[in-house]
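The values are calculated or read from the model by the stated rules, or taken from the named source; none is laboratory data. All values reported here derive from a predicted model rather than from experimental measurement. All Cβ positions, glycine included, derive from the backbone under ideal geometry; neighbour counts span all protein chains shown. For the accessible areas, the whole protein counts, side chains as well, though only heavy atoms, and no ligand, DNA or RNA atoms are used. Shrake-Rupley method; radii C 1.70, N 1.55, O 1.52, S 1.80 Å.
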Amino acid sequence: MSYDISLYRTETKVREENAHDADFFEKEENLVPFTGQQFQELKERLLSYNYKITGEDDHGLHFSHSDGDFGIALLTGHALYFTASWNENSIFEVGMVASEFTDSGEYAKYDFQRGEWEVWE
């Protein structure tokens with residue numbers, strides 16, 4: 001079992017809140033894509049947090065961390081997906097990293113287990 005947290009552009013948050021659609025995240029057209037610069041900055045920021053690129057495929061760039069508590073990440077053109085192990089330390093660490101990524105005001109964190117958004121304030 002895993003704990004999933006994602007990072008989207010804040011415009012996606014607004015769309016989701018206005019959509020009232022239980023399947024909102026299943027439809028890629030609902031997700032506002034990252035700009036090329038945003039994608040590159042997110043990639044570099046993951047690397048600065050000691051995530052390592054483990055592969056690239058049609059889904060995006062896959063990352064892992066030498067400390068398992070930091071989970072794994074997948075950076076796509078529309079979202080940054082974090083997956084934590086189902087333990088308190090991993091959920092905390094991954095949640096903190098995702099929260100820190102909202103500091104520019106460009107991104108919003110979505111916790112799928114809680115069904116809640118978080119933005120930097």
Scan the stretch 1-45 residue by residue and report those that are at pLDDT below 95, within 21 Å of residue 95 (Cβ to Cβ) and either assigned to a loop (DSSP other than H, G, I, E, B) or in contact with a Lys or Arg (Cβ under 9 Å, 6 or more places away or on another chain) (or both).
1
Do the conditions hold for residue 61, that is, is it in contact with a Phe, Trp or Tyr (Cβ under 6 Å, 6 or more places away or on another chain) and of a type outside the set (Ser, Thr, Tyr)?
no
Regarding the stretch 49-72, can at least one residue be identified that is surrounded by fewer than 17 Cβ atoms within 10 Å (Cβ to Cβ) and closer than 23 Å to residue 116 by Cα?
yes
Being open to solvent by 40 Å² or more (accessible area, probe 1.4 Å) and of a type in the set (S, T, N, Q) is the filter here; which residues of the stretch 84-106 pass it?
85, 87, 89, 104
